[in-house]
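Below is one structure, written out as structure tokens, with a few remarks after it.
The values are calculated or read from the model by the stated rules, or taken from the named source; none is laboratory data. It should be emphasised that the depicted structure is a prediction, and the values quoted were computed from it without experimental measurement. Here the Cβ positions follow ideal geometry from the backbone for every residue, glycine too, while neighbour counts run over all protein chains shown.
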Ligand SMILES: C[S@@+](CC[C@H](N)C(=O)[O-])C[C@H]1O[C@@H](n2cnc3c(N)ncnc32)[C@H](O)[C@@H]1O
């Protein structure tokens with residue numbers, strides 16, 4: 001083999017070895033990583049990142065169902081990539097991986113089957129100034145929108161005047177979109193509005209309801225209102241959007257980073273992502289049928305003009321079908337990953353720890369050009385003595401991430 005190629009391959013192959021070394025040597029408050037083998041999988045157990053760690057960048061502070069903490073992608077990005085490297089999340093959600101990549105000067109690549117994901121991520125990769133948001137909010141006329149019969153159910157969430165304002169903002173944004181006039185200030189306002197639609201405090205546009213990443217139906221909201229003897233109070237839409245804008249921008253914007261790629265589609269078919277383009281992939285797919293993203297996001301989709309019924313979100317009750325979905329996704333990852341690149345595939349805990357999704361990932365990707373390096377178990381409140389690392393005994397409600405680590409094999 002040509003010497004240059006041999007050296008290049010050695011370098012490429014080293015990411016997995018480096019990561020295993022990092023995991024094995026890692027200590028948290030003096031506690032070393034527990035390394036175990038169960039079946040044919042190696043487990044690395046420790047508190048690799050914690051809730052108590054340095055606060056994440058303010059731009060991450062948007063809610064999304066089943067999102068992971070920025071510390072998770074940060075762990076891999078900082079250890080496995082250098083500035084300019086390409087970091088991809090094919091199930092991007094609110095875009096935690098891509099935003100963290102941008103914040104660290106890497107190239108963010110993101111995909112999600114729901115177009116809502118891109119609307120939430122893109123504006124935070126290149127945020128506008130607070131002052132231009134304030135001016136734009138003033139310039140948008142918020143009066144004059146009619147509450148049509150189809151909007152009446154929304155009065156379960158909103159004061160009539162607030163709903164007028166929401167409808168006016170929505171029709172302004174959809175009008176801008178239709179005429180191709182949307183700019184990054186509009187995109188920012190839409191992103192913040194999407195995130196303020198419902199929630200449990202006066203920082204949201206709605207009356208008290210479930211957390212902002214889980215919109216209930218109008219009927220369910222009427223029941224919540226009756227139980228709590230509440231009616232929706234007036235909320236000042238401009239003030240709420242401006243306040244959240246200030247909070248999101250408290251730490252400033254991302255530094256200069258290579259241009260992002262944000263696409264919409266199923267993770268197994270991403271033609272916009274070039275071959276061998278990805279150095280590191282950090283992601284978290286839907287876990288079986290645990291979360292109903294479509295119903296959680298119905299109000300956000302409505303506001304953004306997305307037909308939620310047309311979005312094919314993967315939900316699988318049957319483990320075999322889920323494995324098929326994982327395998328298909330990894331087939332596409334094999335195309336977009338560079339040889340030696342690392343996939344960190346977070347599967348969390350499901351069904352009270354009775355179904356170990358990491359095992360199913362490992363068997364789903366058998367025969368594909370990936371080498372499974374092991375499973376990281378990030379456990380908070382981890383104790384060495386608890387039997388032990390909880391792979392078979394993890395029903396106690398501790399907060400753990402299970403991350404399958406796989407290395408893209410060198411090309412034959
Ligand atoms: C667990 S969430 C990801 C959350 C993300 N890690 C974050 O921090 O926000 C899973 C995401 O997968 C998306 N999704 C579901 N089926 C998909 C598919 N076939 N292809 C791409 N994305 C899909 C959902 O819309 C959802 O946003």
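Could you grab me the full set of residues in region 105-143 that are without any contact (Cβ under 8 Å) to a residue 60 or more places away in the chain and in contact with a helix residue (DSSP H, G or I) (Cβ under 6 Å, 6 or more places away or on another chain)? Answer for region 105-143, where residues must be without any contact (Cβ under 8 Å) to a residue 60 or more places away in the chain and in contact with a helix residue (DSSP H, G or I) (Cβ under 6 Å, 6 or more places away or on another chain): 132, 136, 140.
Inside region 290-310, residues that are within 11 Å of the ligand (Cβ to nearest atom) and more than 17 Å from the chain's Cα centre (by Cα) make up a count of 1. In this structure, residue 250 qualifies as surrounded by fewer than 15 Cβ atoms within 10 Å (Cβ to Cβ) and either in a loop (DSSP other than H, G, I, E, B) or more than 15 Å from the ligand (Cβ to nearest atom) (or both). Consider region 310-343. How many of its residues are in contact with a strand residue (DSSP E or B) (Cβ under 9 Å, 6 or more places away or on another chain), modelled with pLDDT under 95 and assigned to a helix (DSSP H, G or I)? Total meeting the criteria: 1. Only a single item in (1) crowded, with 16+ Cβ neighbours inside 10 Å; (2) more than 15 Å from the ligand (Cβ to nearest atom) is not met by residue 286, and it is number (2).
With respect to residue 341, is the statement that it is on the phi > 0 side of the Ramachandran plot, more than 18 Å from the chain's Cα centre (by Cα) and touching a residue at least 12 places away in the same chain (Cβ under 8 Å) true? Before the answer, list the steps.
Values: on the phi > 0 side of the Ramachandran plot: no; more than 18 Å from the chain's Cα centre (by Cα): yes; touching a residue at least 12 places away in the same chain (Cβ under 8 Å): yes.
Here the answer is no, as residue 341 does not meet what is asked.
Any residue in region 75-83 that is under 28 Å from residue 239 (Cβ atoms) and at pLDDT 95 or above?
So the first thing to find is which residues in region 75-83 are under 28 Å from residue 239 (Cβ atoms), and the list is none.
No, region 75-83 contains no residue that is under 28 Å from residue 239 (Cβ atoms) and at pLDDT 95 or above.
If you go through region 61-76 and pick out every residue that is assigned to a helix (DSSP H, G or I) and under 15 Å from residue 110 (Cα atoms), you end up with 1.
Within region 224-234, at least one residue is in a helix (DSSP H, G or I) and either closer than 16 Å to residue 162 by Cα or touching a residue at least 24 places away in the same chain (Cβ under 8 Å) (or both).
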